[in-house]
Amino acid sequence: KEVERRLLDAHLARPEQIAIAHPGVDTDQLKPSGRREPFFLWLGRLKWWKNPELALEAFAEYKRLGGTGMRLVVAGTVDAGSQGYVRNLRRKYNGPDVEFVSPASDAELHDLIDRSTAVLCTTPNEDWGIVPLEAMACGTPVIAVNRGGPTESVLDGRTGFLVALFTLAQPLVAGTAWL
């Protein structure tokens, strides 16, 4: 629906020209193992517009509000154009409870998804979003901004939580109780 809305708003197609097909994930590869470890995971292409900094800021706020016992893992691919951006993120958010994993194989990323306490989805303008689907296929809750594609795939309060763009830290603080 998000992509449909964008196409219609930009007058790139008429309603009768649009058919919605939701991409899925390979549930033969992504299965819940029942393992959980105390870390939040942000996963995706490490680009400024994917907004990994919101996850890093939310985790910093989580710690400022007294959250303990959790780590944040930021994992994904870094292209040549984003290397400086990621270097700055690593410098700014360096600490024993923040880990950057890049590059990583699909198997390693799937393992991180499966073991994490929750997956954070912070892109404010995601068309659909495969990461939330991968997380839910592993039985891992999703905490996503309440915009774009995740509003179609995440069932708020059941498969994850949809939160206002700038209030991500609140469910992280509560997260140790409900996850």
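To the nearest ten degrees, helix 52-64 and the longest principal axis of the Cα atoms of the chain are 40 degrees apart. For the chain, take the longest principal axis of its alpha carbons; what is the angle in degrees between that and the long axis of helix 106-115, to the nearest 10 within 0 to 90? Value to nearest ten degrees: 70. Only one residue of Val25, Gly69, Asn51 has its Cα farthest out toward the positive end of the dipole of the chain, where Lys and Arg carry +1 and Asp and Glu -1 on Cβ, and that residue is Gly69.
Each DSSP beta bridge with both residues in the chain is either parallel or antiparallel, and the antiparallel ones are about 5%. Largest first and in whole Å, the equivalent-ellipsoid semi-axes of region 121-162 read 15, 11, 8, each the square root of five times a Cα gyration tensor eigenvalue.
Report, in debye and to the nearest 20, how large the dipole of the chain comes out about its Cα centre when Lys and Arg carry +1 and Asp and Glu carry -1 on their Cβ.
560 debye
By the rule of a C-alpha distance below 19 Å, with chain neighbours fewer than 8 residues away ignored, the lysines paired with Lys92 are Lys47, Lys50, Lys63. Near Asp127, once Lys and Arg are set to +1 and Asp and Glu to -1 for all other residues with Cβ below 14 Å from its Cβ, the sum equals +1.
Which of rounded, prolate or oblate describes region 31-107 when judged by the alpha-carbon gyration tensor and an a/c cut-off of 1.5?
Values: a/c = 2.13, a/b = 1.15, b/c = 1.85.
Cα axes put region 31-107 in the oblate bin.
Taking the DSSP beta bridges with both ends in region 39-135, the antiparallel portion is around 10 percent.
Please say if region 1-76 is rounded, prolate or oblate, where rounded means a/c under 1.5 for a ≥ b ≥ c the square roots of the C-alpha gyration tensor eigenvalues, and otherwise the choice is prolate for a/b larger than b/c and oblate otherwise?
Since a/c reaches 1.5 but b/c is at least a/b, the shape of region 1-76 is classed as oblate.
Under 5 Å from the amide H of Val74 lie the amide H atoms of Trp42, Glu99, Phe100, Val101, each residue being 5 or more positions distant or on a separate chain, with H modelled from the backbone and absent for Pro and chain starts. Taking K and R as +1 and D and E as -1, what net charge do the other residues with C-beta under 15 Å from the C-beta of Val154 add up to? So the surrounding residues net to -3.
Expressed as a whole percent, the accessible surface of the chain that belongs to carbon and sulfur atoms is 52, based on a 1.4 Å probe.
The values are calculated or read from the model by the stated rules, or taken from the named source; none is laboratory data. Here the structure is a predicted model, which means the values were calculated and not measured. Backbone-built Cβ (ideal geometry, glycine too); neighbour counts: all protein chains shown. These accessible areas exclude ligands, DNA and RNA; they are computed on the full protein's heavy atoms, side chains included. Shrake-Rupley method; radii C 1.70, N 1.55, O 1.52, S 1.80 Å.
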